[in-house]
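The structure appears right after this line, and notes come after that.
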Protein chains: 2
Amino acid sequence: MLDVGRLRLLREVGLRGTIAGAARSLGLTSSAVSQQLAVLEREAGTALVDRSPRGVVLTGAGRLLAARAAEVLDVLTSARADLDRIGGSVAGPVAVASVASAAATFVSAAVTGLRAAHPDVSVTVTAAEPSQALRLLVAGDVDLAVVDEYDYVPLALPEFVVVRELCTEPLVAVGPAGSFGRRRPALADLAARDWVMPPDDAACGLAVRSACRAEGFEPRVRWETDDMLLLVRAVEAGHGIAILPLLSVPDGVADVDVRPLREPALERRLIAVARASAMGRPVVGTVLEALVEAAKHTLTSQKRQFARPSAL
Amino acid sequence: MLDVGRLRLLREVGLRGTIAGAARSLGLTSSAVSQQLAVLEREAGTALVDRSPRGVVLTGAGRLLAARAAEVLDVLTSARADLDRIGGSVAGPVAVASVASAAATFVSAAVTGLRAAHPDVSVTVTAAEPSQALRLLVAGDVDLAVVDEYDYVPLALPEFVVVRELCTEPLVAVGPAGSFGRRRPALADLAARDWVMPPDDAACGLAVRSACRAEGFEPRVRWETDDMLLLVRAVEAGHGIAILPLLSVPDGVADVDVRPLREPALERRLIAVARASAMGRPVVGTVLEALVEAAKHTLTSQKRQFARPSAL
DNA sequence: ATTAGGCATAAGCACAACTTACGACATAAG
DNA sequence: CTTATGTCGTAAGTTGTGCTTATGCCTAAT
């Protein structure tokens, strides 16, 4: 049976992008992490990370396994939460910083849900990009940060934080109405198109560009913006196609076609981050659990949307 | 963080009903199991098992935690399967013994799915009660057994087997049309009713009787049968109400109302069992995975049924 | 009574996982 | 080019956890 400690380690390495960083955040030496990672690779029978002197990046198998690891760890912390819930009441203020697309969807849902279940908990939400959200987190201005993470773009988390996976959503191709065939497009099929894209300093833009290069082409970017509404309008106007996380596509503001990619299956992971010290407050744990639950439901309802393509 | 080894141990104890039995099946001494269980209880802060000289039975918290443990272990073996799937083809005959309700639903679905995905795998299914299925398993007549397990009724698995959780379904109250109110009934509300029930030597009957006694009443049994079709017809005819696992309620053969219980949340767990030695054959693992997948889908489609109460 | 099964505790041992120490390599700054 | 600081990996020594063995107590069946 695969060892969970090693799996956690793998996930942390994937999140931090370096072995040394993972070691710091786990309170170990980099030597220990290196050794355990080697053991895990031997057990798995495959390379799980690509080593480079500047850090490491997860291979395909590594990402797969890291995703499973996140599942396992989430269940474990849920179990711990179950046990804690038997005893002890929760109340107090909790500040959350969240990326906009999550704030507009499941974070909002979680807060309304909490208002009913725990009336004494008062949550305040501020929208912030991941880097700013993490700054607010370490500064102590917020208790929880909801940030996103893309393939090819390690997250570089600060130290002394705990991480909780919220949901994984597909990146979808967005194009003018009728611009894709019946079938879900492969990324390689889109090489010749014009592109509308978030700027390169946004993780999303970087991830998509990296994925395109991995497919062997450089996207011809005609329009660049990080305003999702403007971006979708630009697509509608025919300036190009875009690839975005599903939750970031504004609903019903433009007549565009949305299709998940057939291949490669690009994803965005939404994760919640808390200062390890803040986990002493049971309220924070409760809010975190509420976020996890709400994210799970949002994800399934999104899936249902795709079952009825006409709804998009 | 909760230790997975200890969680597996807890689950095994719950399944076997005795510490010594769990120890044998894990290849440990009963002393080790006892010690680790004590550690887990200290970590959890609650009693997880009720000790008696004749064995142990899980407490509420213990069942909760054991369920989480099953989740974790399932994810882990899925991860292992992911890794193995990268290399190695599967073919050959596999014999499965299954309880009827599962055979009629997701086992059938799994087999049709497998026919498409792995044409060289030939599965044969025989319907059998849990005890007989396990006998066939240890005798080597079948490679996999799909059996069910109820609260209050430990399963007493044989040794040298591996266990995989398939799905957990609610026990539902079945009554003549219109016999329940709008709201989901609590078990205590049904104390004064007449009952139709499987016999006491079926795990289902024993579990329901135990649950009733835990609620402080003895069910007035007017009709006793283990034929599900006859049972439902008896309910329709007004001889009493019944409590059955959802999958065991035949679909569309009688005009009855089906309601999940509000409280307590009784459940049936369906699990797959294989001889540990048979896991050397990759085919067996593949069929097992297919069962897990099919069970998962069956469960979600059942949930959807309950979203539209009229459909029942 | 005696046997056989269950569970818990005490004491000792073994291995796994950690730390420390070191070497190789890459980048950035002097 | 040299130095400093970052990365990762390997080797060797240490420690703590989780096992076994040994023992005792309890209950149910013979």
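Yes or no, residue by residue, for (1) at pLDDT 90 or above; (2) more than 12 Å from chain B (Cβ to nearest Cβ); (3) touching a Phe, Trp or Tyr at 6+ places or on another chain (Cβ under 9 Å):
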{"residue": "A:Gly5", "(1), (2), (3)": "yes, no, no"}
{"residue": "A:Gly17", "(1), (2), (3)": "no, yes, no"}
{"residue": "A:Ala32", "(1), (2), (3)": "yes, yes, no"}
{"residue": "A:Glu43", "(1), (2), (3)": "no, no, no"}
{"residue": "A:Ala47", "(1), (2), (3)": "no, no, no"}
{"residue": "A:Leu58", "(1), (2), (3)": "no, yes, no"}
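Consider only pairs whose beta carbons are under 7 Å apart and that are at least six residues apart or on different chains; among these, list those whose first residue lies in the stretch B:155-168 and is polar (S, T, N, Q) and whose second residue is buried (at least 20 other Cβ atoms within 10 Å of the Cβ) and in a strand (DSSP E or B).
Pairs that qualify, where the first residue is polar (S, T, N, Q) and the partner is buried (at least 20 other Cβ atoms within 10 Å of the Cβ) and in a strand (DSSP E or B), are B:Thr168/B:Arg269.
For the stretch A:19-48, enumerate the residues that are of a type in the set (Val, Ile, Thr) and within 13 Å of DNA strand C (Cβ to nearest atom). Full working, then the answer.
Narrowing the stretch A:19-48 to residues of a type in the set (Val, Ile, Thr): A:19, A:29, A:33, A:39, A:46.
Scanning the stretch A:19-48 gives A:Ile19, A:Thr29, A:Val33, A:Val39.
Has the stretch B:204-217 got at least one residue that is touching a residue at least 60 places away in the same chain (Cβ under 8 Å) and not hydrophobic (A, V, I, L, M, F, W, C)?
No, the stretch B:204-217 has no match at all.
Can you pull out the residues in the stretch A:27-39 that are within 10 Å of DNA strand D (Cβ to nearest atom) and within 25 Å of the chain's Cα centre (by Cα)?
A:Val33, A:Leu37
If you take the residues in the stretch A:49-64 that are buried (at least 17 other Cβ atoms within 10 Å of the Cβ) and part of a strand (DSSP E or B), which one is nearest to DNA strand C (Cβ to nearest atom)?
A:Gly55
Among (1) within 14 Å of chain B (Cβ to nearest Cβ); (2) under 18 Å from the mean Cα position of the chain (by Cα); (3) free of Cβ contacts under 8 Å to residues at least 24 places away in the same chain, there is one condition A:Ala70 misses while meeting the rest; what is its number?
So the condition that A:Ala70 fails would be (3).
Among the numbered criteria (1) within 23 Å of A:Val96 (Cβ to Cβ); (2) at pLDDT 90 or above, which one does A:Ala242 miss?
(1)
Yes or no: the stretch B:77-94 includes at least one residue that is acidic (Asp, Glu), within 15 Å of DNA strand C (Cβ to nearest atom) and either in a helix (DSSP H, G or I) or assigned by TED's automatic domain parsing to the domain that holds B:Glu289 (or both).
no
Those residues that are within 14 Å of chain A (Cβ to nearest Cβ), among the aliphatic types (A, V, I, L, M) and in contact (Cβ under 8 Å) with a residue 24 or more places away in the chain, I need them from the stretch B:73-126; list them, please.
B:Leu73, B:Leu76, B:Ala81
Quick test for you: out of B:Arg24, B:Arg8, B:Arg42, pick the one residue that is within 16 Å of DNA strand D (Cβ to nearest atom), surrounded by 15 or more Cβ atoms within 10 Å (Cβ to Cβ), of a type in the set (Lys, Arg) and over 20 Å from the mean Cα position of the chain (by Cα).
Numbers: B:Arg8 fails: over 20 Å from the mean Cα position of the chain (by Cα); B:Arg42 fails: surrounded by 15 or more Cβ atoms within 10 Å (Cβ to Cβ).
Answer to the selection: B:Arg24.
The values are calculated or read from the model by the stated rules, or taken from the named source; none is laboratory data. Quick caveat, the model's predicted, so the values are computed rather than measured. Counting neighbours? That spans all protein chains shown, and the Cβs are built from the backbone with ideal geometry, glycine included.
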